[in-house]
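Asker: Structure in structure tokens, see below.
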Amino acid sequence: MNLRHILVANVFFAPFSYGGATVVAEQVATALIKQGGYRVTVVSLCARNDIAPYDVIKSQKNGIVNYLINVPEHRSYGEIYNNPEVTARLAELISALEPDLIHAHCIQDIGTGIITAAEGANVPVILSVHDFWWLCERQFMIKLDEKYCGQNPVRIDRCKGCVDNFWAAKTRFNHLQAMSEKVALVTYPSQFAMELSEASGFAKGRGVVWKNGVNPPEPAFFNKQAARRASDQRITFGYVGGPAQIKGWPQIEQAFAGIKSGKFRGLVVDGSRDGSWWQAKQLSKLPGSWEIYPRFEQHNMDDFYAEIDVLLFMSQWKETFGLAIREALARGITVIQTDSGGTVEHGAIRQEDLIPIAAPPGQLREQMDQVLRSGKRERAPYPVVHFADQAREFSALVDQVLQEVERAA
Amino acid sequence: MLKLPLLTLIRRFRSVLKREGTGAAVLRAAGYVRRRVRGLGTGTLSLATDTGPRGSEQYLHGIWQTLARQDAFHILQAPGVDRARRQIAMIADLNLPQCRKYRVEQLAGFWRSRGVEFEYAHYQDIPRATRIMQHATHLMEYRLQSSAVTDMFRYEARRLRLPILYDLDDPLFSVSAYETYRNMEALDPGLKSHFLSEAPKYLSMMNGADIMSVSTPGMAQHAALYTGRPVYVRRNFADAETLCAGAVAMLNNGPDDGMFRVAFASGSQGHEVDLAEILEPLSEFIQADRGRRLMLIGHFDLAHLPAKLKPQIERVEFAGYDRYLAALARANCTLMPLCDDAFNRCKSAVRVLDAASVGVPSIVADVGDLSSVVRTGETGFVAQKGGDWMDALRALAACPKDAAQMGRNARVNLEERWRASDQPHIIAPELIEWVET
């Protein structure tokens with residue numbers, strides 16, 4: 001059988017995994033291969049000073065070959081989004097691998113060279129947008145003062161005072177917009193992300209919503225969850241992220257400070273690569289019993305979710321998806337969350353229960369109090385998209401693009 | 001001048017100070033200012049903490065260790081299995097111009113003409129050598145000797161599951177060839193000792209490869225005495241550069257000055273011994289007519305020549321391929337005597353190809369691969385015994401027009417039979433099969 005060969009470009013990828021978009025790239029690639037009819041090769045980045053800048057190293061993990069381009073730690077502003085050295089390496093790889101299609105998945109730091117190189121080799125590109133790297137040099141539309149920017153649509157002229165250098169930012173903005181016109185299709189993980197991007201002039205009319213999936217719970221998960229609930233009667237709150245303003249930790253801290261009961265447990269996950277986000281002293285003043293939970297991967301995330309009853313997702317910016325929310329919902333875990341962009345598009349929470357961004361801590365405290373008062377921990381798992389579904393949808397998008405290419409030929 | 005939003009930054013500093021403490025706030029502020037001053041961008045990648053510069057022979061050790069820890073070290077399938085397109089990475093000793101031309105650049109042209117991508121790197125350019133292996137389907141090595149660096153390349157090639165071909169055009173691995181190599185007599189004895197001590201390093205490379213290619217049938221025979229690896233012949237040929245440069249040299253050749261020039265070219269040291277094989281008849285021939293000249297191109301120690309011959313000698317220093325061919329084009333014939341020893345039986349016919357490219361007939365010893373390119377009496381002469389040299393020289397001198405015609409025949413023979421092709425006398429079919437299937 002003639003396999004379709006997809007070259008996935010993603011800033012991180014196994015063996016160097018990091019972040020939600022990487023989880024999606026890895027899991028979709030695995031699901032595509034499992035589904036059959038596809039061969040997937042990956043190009044991603046690393047930063048090491050024991051091999052030369054822009055050297056390439058081939059690796060293979062979990063059956064997927066990943067070409068790592070070694071970039072210098074410090075690169076100029078322009079090299080972050082369009083790096084000729086990276087482009088040259090990508091062109092060499094595309095020439096050698098001859099993929100049928102390139103999936104430019106999460107390409108911050110790789111830059112637009114992937115599109116340039118693909119164009120040079122006549123290989124169609126599906127571009128997937130994550131976060132707002134394509135609109136905002138700060139990637140998350142979070143200003144210097146750590147407040148959500150809130151522009152909708154984004155107008156680069158309004159970025160003066162926030163960006164490092166306005167004319168450099170404008171050049172970047174225009175370049176990225178122009179490059180978006182060269183791809184066959186743009187996918188967004190949410191309607192919110194697509195509307196904001198297209199309203200801002202990015203790849204107008206070329207976008208589709210391609211929702212991210214999650215890994216469903218393992219068969220043993222619910223037994224594990226029940227066993228923990230039986231052995232420990234306390235409600236357990238979980239928080240995935242660092243103690244940053246933008247992730248809403250200060251609101252959580254303030255909300256907990258007003259809670260009288262101490263009969264609950266809290267877990268904060270240190271998602272950093274070096275375990276530096278959390279220190280025990282940060283948590284010692286909070287009521288309840290708090291622990292730092294180490295960073296987990298897809299294969300052991302059930303262990304974490306079996307430990308919690310409520311996921312606190314207090315992001316203070318409008319995110320494009322929110323993987324942890326879907327993972328929790330699929331496992332029958334209550335979610336308390338902000339009204340934060342694409343993170344709410346699962347439909348599991350009523351609009352009036354979504355906490356507005358920048359709201360004072362009262363509303364969060366009220367919802368947590370309610371959970372503590374009711375003592376209710378069981379909740380039916382909520383149906384969400386799985387990675388297998390997401391891969392099938394991607395397969396349909398690939399069909400569509402390749403058919404268009406054939407028609408145009 | 002750098003413009004900073006000071007009020008915002010102060011607020012941010014205070015916020016971090018409150019949340020994460022003085023150290024973190026100062027570090028982050030310093031990082032921000034440094035980035036702004038240097039015009040750096042903000043990327044998502046941070047430097048891997050387990051890395052540090054190492055010696056060149058350990059260039060890959062750090063990344064190997066990391067990949068091994070991450071269970072990402074092994075490439076499970078040879079890249080040629082699922083790829084239609086072939087890509088050769090060649091790591092070579094590119095220091096010798098002639099070797100680079102005939103065994104590397106020529107091969108690059110050959111494979112590219114067949115749609116096979118071919119990249120090469122000097123073995124001391126470790127980052128490039130490493131890089132070109134990563135997306136190759138095959139590794140070829142030329143003239144490398146075993147060392148910590150080449151062992152590292154081999155290790156990487158095996159990690160990447162690349163089949164390995166080792167190529168050689170001199171019996172550098174052979175103690176028996178060096179010990180009986182007559183040209184060594186003209187050189188410092190210390191040099192021979194050095195070559196002998198290096199020989200095992202070449203043999204080690206041969207035996208670590210999957211397959212071997214050599215430049216002549218004689219070399220293949222000799223290599224088979226040392227290695228059990230399959231050995232195939234890829235002869236040197238006249239590439240497009242040679243044919244073009246030869247044509248230009250012929251075109252630019254000045255008017256005939258009536259001299260009869262006999263050329264002897266030497267690309268390396270020690271060939272005085274070869275010329276000594278025929279020095280007596282050659283001297284007699286040159287001195288028999290004041291209009292005859294012995295043209296010595298390249299390395300040659302004149303102390304090895306009789307004093308009486310010196311007034312009729314023309315020296316040409318070797319200064320690049322084009323100038324070499326330009327000088328050769330002025331000759332009426334060229335001589336290639338070789339001592340009959342194990343080393344020379346491995347020799348290729350590149351000097352015959354060079355002479356033919358400028359339309360000059362060759363008189364060659366029946367040693368090595370020289371005679372395979374010469375059609376006796378048509379494109380030159382193969383001297384079987386001592387007297388044949390004088391007979392051939394006299395025949396050519398007797399009728400320079402016939403000699404010139406013989407040179408033209410040599411050029412035609414070169415264009416028809418000795419240019420790049422996949423004919424079995426140029427490249428063994430097994431080598432093509434090794435790459436393309």
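The values are calculated or read from the model by the stated rules, or taken from the named source; none is laboratory data. Note that the structure is a prediction, hence the values are computed from the model and not measured. Backbone-built Cβ (ideal geometry, glycine too); neighbour counts: all protein chains shown. Ligands, DNA and RNA are stripped out before the accessible areas are found, and what is left, the full protein with its side chains, is counted by its heavy atoms. Shrake-Rupley method; radii C 1.70, N 1.55, O 1.52, S 1.80 Å.
Asker: Rounded to the nearest 5, what is the percent of antiparallel bridges among the DSSP beta bridges in region A:1-117?
Answerer: 30 percent
Asker: With every protein chain present, what is the per residue accessible area of region A:1-88 (1.4 Å probe, Å²)?
Answerer: On a per-residue basis, region A:1-88 sits at 31 Å².
Asker: Considering only protein heavy atoms and a probe of 1.4 Å, how much of the accessible area of chain A is carbon and sulfur, as a whole percent?
Answerer: Values: 7940 of 15590 Å².
Of the solvent-accessible surface of chain A, carbon and sulfur hold 51 percent.
Asker: Then there is this: What residues have an amide H closer than 5 Å to that of A:Lys61, excluding those fewer than 5 places away on the same chain, when H is modeled at 1.01 Å from N in the peptide plane?
Answerer: Residues meeting the criterion, in which the H sits 1.01 Å from N, are A:Asn66.
Asker: Counting only protein heavy atoms and using a 1.4 Å probe, what share of the accessible area of region B:215-315 belongs to carbon plus sulfur, as a whole percent?
Answerer: 52 percent
Asker: Just the number please: accessible area per residue for region A:204-363, 1.4 Å probe, all protein chains included, in Å².
Answerer: The answer is 40 Å² per residue.
Asker: Also, I was wondering about something else. When you look at the Cβ of every residue in B:33-44, what mean number of other chain Cβ atoms sits within 10 Å?
Answerer: On the way: counts 0, 1, 3, 3, 0, 3, 6, 8, 14, 9, 14, 13.
Counting other chains' Cβ atoms within 10 Å and averaging over B:33-44 gives 6.
Asker: Antiparallel versus total DSSP beta bridges in the protein assembly as shown: what percent is that, nearest 5?
Answerer: Just about 10 percent of them are antiparallel.
Asker: Pairs of Cα atoms under 8 Å, at least six residues apart: use those to get the relative contact order of region B:293-362, whole percent.
Answerer: That works out to 31 percent.
Asker: Right, next: With Cβ to Cβ distances under 11 Å as the rule, what net charge do the other residues near A:Asp303 carry (K, R +1; D, E -1)?
Answerer: -2
Asker: Which order do B:Lys401, B:Lys310, A:Lys204 take by accessible area at a 1.4 Å probe, largest first?
Answerer: Descending accessible area places them as B:Lys401, A:Lys204, B:Lys310.
Asker: Still on this structure: Which one of B:Arg131, B:Arg182, B:Arg103 has the biggest mean-square fluctuation once chain B is modelled by GNM with Cα springs under 10 Å?
Answerer: B:Arg131
Asker: Can you list the residues, at least 5 places off or on another chain, whose amide H is less than 5 Å from the amide H of B:Arg261, using H built in the peptide plane?
Answerer: Under 5 Å from the amide H of B:Arg261: B:Arg293, B:Asn332, B:Cys333.
Asker: OK, next. Give me the percent relative contact order of chain A, please, defined on Cα pairs under 8 angstrom at least 6 residues apart.
Answerer: On the way: 745 pairs, mean separation 58.6, N = 409.
With pairs under 8 Å counted, the relative contact order is 14 percent.
Asker: Quick one: putting +1 on the C-beta of Lys and Arg, -1 on the C-beta of Asp and Glu, what dipole do you get for region A:316-409 around its Cα centre, in Debye to the nearest 20? Please list the in-between numbers first.
Answerer: On the way: 11 positive and 14 negative charges, 97 e Å.
Computed charge dipole of region A:316-409: roughly 460 debye.
Asker: Moving to a separate point now. In Å², nearest 100, what accessible area do chains B and A bury in total when the solvent probe is 1.4 Å?
Answerer: 4500 Å²
Asker: Sticking with this structure for a sec: Assigning unit charges at the beta carbon (Lys, Arg +1; Asp, Glu -1) and nothing else, what dipole magnitude in debye, to the nearest 20, does region A:1-73 show about its Cα centre?
Answerer: With Lys and Arg at +1 and Asp and Glu at -1, about 360 debye.
Asker: Using the per-residue mean of other Cβ atoms lying within 10 Å as a proxy for protection, in what order, highest first, do the peptides B:288-295, A:272-279, A:309-316, B:250-257 fall?
Answerer: Top of the packing list down: A:309-316, B:288-295, A:272-279, B:250-257.
Asker: Let me know the whole percent of all Cα-Cα pairs from the protein assembly as shown that are separated by more than 34 Å.
Answerer: When every Cα pair of the protein assembly as shown is considered, 62 percent fall beyond 34 Å.
Asker: When only the heavy atoms of the protein chains count and the probe is 1.4 Å, how do A:Glu366, B:Glu185 rank by accessible area, highest first?
Answerer: Heavy-atom accessible area, descending, gives B:Glu185, A:Glu366.
Asker: Please turn the phi angles of region B:202-216 into ³J(HN,Hα) values with the Karplus equation 6.51 cos²θ - 1.76 cosθ + 1.60 (θ = phi - 60°), one per residue in order, whole Hz, x for glycine and proline.
Answerer: Once rounded to whole Hz, the list reads 6, 5, 4, 5, 4, 6, x, 8, 7, 8, 9, 10, 9, 8, 9.
Asker: Can you compute 3J(HN,Hα) from phi for each residue in region B:111-128, using the Karplus curve 6.51 cos²θ - 1.76 cosθ + 1.60 with θ = phi - 60°, rounded to whole Hz and x for Gly and Pro?
Answerer: With coefficients 6.51, -1.76 and 1.60, one gets 6, 4, 5, 9, x, 9, 6, 9, 10, 9, 8, 6, 5, 8, 8, 5, x, 5 Hz.
Asker: Work out from phi, with θ = phi - 60° and the Karplus expression 6.51 cos²θ - 1.76 cosθ + 1.60, the ³J(HN,Hα) of each residue of region A:226-239, listed in order in whole Hz, and give x for Gly and Pro.
Answerer: Working through the residues one at a time gives 5, 5, 5, 5, 6, 7, 9, 7, 6, 5, 10, 8, x, 9 Hz.
Asker: What is the sum of charges around A:Asp145, taking Lys and Arg as +1, Asp and Glu as -1, for the other residues whose C-beta is under 11 Å from the C-beta of A:Asp145? Mind dumping the intermediate values first?
Answerer: Values: positive: A:Lys143, A:Lys147, B:Arg11, B:Arg12, B:Arg14; negative: A:Glu146.
Around A:Asp145, the surrounding residues sum to +4.
Asker: Moving on to the next point. Show A:Glu218, B:Glu378 ordered by accessible area, largest first, where the area counts protein heavy atoms only and the probe is 1.4 Å.
Answerer: The ordering from most to least exposed comes out as A:Glu218, B:Glu378.
Asker: Roughly to the nearest percent, how much of the accessible area of region B:76-132 is carbon and sulfur, given a 1.4 Å probe?
Answerer: 49 percent
Asker: List the residues of region A:41-68 that lose 50 Å² or more of accessible area once all protein chains are present, compared with their chain alone (1.4 Å probe, heavy atoms only, no ligands or nucleic acids).
Answerer: Residues of region A:41-68 that lose at least 50 Å² of accessible area once the other chains are added: A:Ala47, A:Arg48, A:Asn49, A:Asp50, A:Asp55, A:Ile57, A:Lys58, A:Gln60.
Asker: Could you work out the helix-only [θ] at 222 nm for the protein assembly as shown, with each DSSP H run of four or more residues adding -39,500 (n - 2.57) and the total divided by the number of residues, to the nearest 500 deg cm²/dmol?
Answerer: Taking each H run of at least 4 residues, the total per residue is -11500 deg cm²/dmol.
Asker: I'd like the mean, over residues of A:131-141, of how many other protein chain beta carbons sit within 10 Å of each residue's own Cβ.
Answerer: Mean inter-chain Cβ contacts per residue within 10 Å come to 1.
Asker: Accessible area per residue, 1.4 Å probe, Å², for region B:68-115: what's the number?
Answerer: Ligands and nucleic acids excluded, the result is 46 Å² per residue.
Asker: Here's something else I'd like to know. Please report, largest first and rounded to whole Å, the three semi-axes of the ellipsoid equivalent to chain B, where each semi-axis is the square root of five times an eigenvalue of the C-alpha gyration tensor.
Answerer: 56, 25, 21
Asker: If I take the Cα coordinates of region A:141-300 and project them onto the principal axes, what are the three extents in Å, biggest first?
Answerer: Extents along the principal axes: 57, 40, 29 Å.
Asker: Any of B:Lys101/B:Lys385; A:Lys260/A:Lys376; A:Lys160/A:Lys211; A:Lys224/A:Lys247; A:Lys147/A:Lys318 with alpha carbons more than 21 Å apart? Name them for me.
Answerer: B:Lys101/B:Lys385; A:Lys160/A:Lys211; A:Lys224/A:Lys247
Asker: Ok, one more. Applying a 10 Å radius around every beta-carbon, put A:292-304, A:240-252 in order of their mean neighbour count, most first.
Answerer: Final packing ranking: A:240-252, A:292-304.
Asker: Within a Cβ distance under 13 Å of B:Phe237, other residues only, what is the Lys/Arg minus Asp/Glu net charge?
Answerer: Surrounding charge for B:Phe237 is -3.
Asker: Sticking with this structure for a sec: Determine the percent antiparallel among the DSSP beta bridges restricted to region B:319-410, to the nearest 5.
Answerer: 0 percent
Asker: Normalising by the residue count of region B:90-199, find the relative contact order in percent from Cα pairs under 8 Å and 6+ residues apart.
Answerer: The value is 24 percent.
Asker: While we're on this one: Which cross-chain or sequence-distant (5 or more) residues have an amide H under 5 Å from the amide H of A:Phe16, H modelled 1.01 Å from N in plane?
Answerer: Amide H neighbours of A:Phe16, under 5 Å, 5+ apart: none.
Asker: Residues of region A:74-96 losing 10 Å² or more of accessible surface, assembly versus chain alone, probe 1.4 Å, please list them.
Answerer: Residues losing area: A:His74, A:Arg75, A:Ser76, A:Tyr77, A:Ile80, A:Arg89, A:Glu92, A:Leu93, A:Ser95, A:Ala96.
Asker: Inside 10 Å of the C-beta atoms of B:130-137, what's the mean count of C-beta atoms belonging to other chains?
Answerer: 6
Asker: Also: May I ask you to derive the FRET efficiency for B:Arg35 and A:Glu181 from their Cβ-Cβ distance with R0 = 25 Å, giving the value to the nearest 0.05?
Answerer: 0.20
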